[in-house]
Amino acid sequence: FLLNNFNLPPDKALAVYVQSPGSAFVFCGAVTLARPSAVLSLQWPEPGSAAQMQLTAGDSSSLSAKIGVSVEDAAALSSMDVVAERRIERLAMKVGENLFNFMQSFCGVDGSKLVVPMDILDRWFKKFQEKAKRDPGFLKTFAL
């Protein structure tokens, strides 16, 4: 966040980058005078990747991540927010996969067509909402 008396030109932003061990710096987001605070998700190596295995190796010495902050043109940063786009894409894929798995259990076959009940989307959405209310950890399985 930017403090009240912080002086930043209106066309500039403080860009935040993170670097996990064995990886390059990745843009996480930025704060500007128009958006003086933000909660930024830090990208960490994907489970099962070589970089993630390096992080969890039991015999390794203490590991650390690097955070970089840079003053940059605000207009140039909007095109760099690929991280946010990837998070949204992964969330959509996880929700879609949940729907697909639910629908698959009700599918029938009619020749070369898959047939599902007409109310399948309503049933899935109701079950999705009920599960989210019952189990606070359920939605965390969709966390990015």
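Test each condition in (1) among the small types (Gly, Ala, Ser); (2) more than 18 Å from the chain's Cα centre (by Cα); (3) modelled with pLDDT under 85; (4) open to solvent by 80 Å² or more (accessible area, probe 1.4 Å) for residue 79 and report the one that comes out false.
Status for residue 79: all satisfied but (2).
With 60, 41 as the choices, which residue is under 30 Å from residue 10 (Cα atoms) and either modelled with pLDDT of 55 or more or assigned to a loop (DSSP other than H, G, I, E, B) (or both)?
Of 60, 41, the one residue that is under 30 Å from residue 10 (Cα atoms) and either modelled with pLDDT of 55 or more or assigned to a loop (DSSP other than H, G, I, E, B) (or both) is 41.
Among the residues of the range 30-44, which ones are of a type outside the set (Val, Ile, Thr), more than 15 Å from residue 66 (Cα to Cα) and open to solvent by less than 50 Å² (accessible area, probe 1.4 Å)?
30, 38
Can you list residue pairs whose Cβ atoms sit under 9 Å apart, with the first residue in the range 101-129 being at negative phi and open to solvent by less than 100 Å² (accessible area, probe 1.4 Å) and the second being outside any strand (DSSP E or B) and among the basic types (Lys, Arg)? Count only pairs 6 or more apart in sequence or on different chains.
Pairs found: 102/123; 102/127; 106/123; 117/123.
Which residue, of 88, 120, 67, is modelled with pLDDT of 85 or more and within 21 Å of residue 16 (Cα to Cα)?
Answer to the check: 67.
I want to confirm something. Restricting to the range 45-55 and keeping residues that are open to solvent by 40 Å² or more (accessible area, probe 1.4 Å) and either aromatic (Phe, Trp, Tyr) or modelled with pLDDT of 55 or more (or both), which single residue is nearest to residue 5 (Cα to Cα)?
46
Filter the range 1-22 for residues that are at pLDDT below 85 and either open to solvent by 40 Å² or more (accessible area, probe 1.4 Å) or among the β-branched types (Val, Ile, Thr) (or both) and give the result.
1, 3, 4, 5, 6, 7, 22
The values are calculated or read from the model by the stated rules, or taken from the named source; none is laboratory data. Since this is a predicted model, take the numbers as computed values, not measurements. Positions of Cβ are generated from backbone atoms using ideal geometry, with glycine treated the same way; all protein chains shown enter the neighbour counts. We work out accessible area using only protein heavy atoms, side chains counted, and drop any ligands, DNA or RNA first. Shrake-Rupley method; radii C 1.70, N 1.55, O 1.52, S 1.80 Å.
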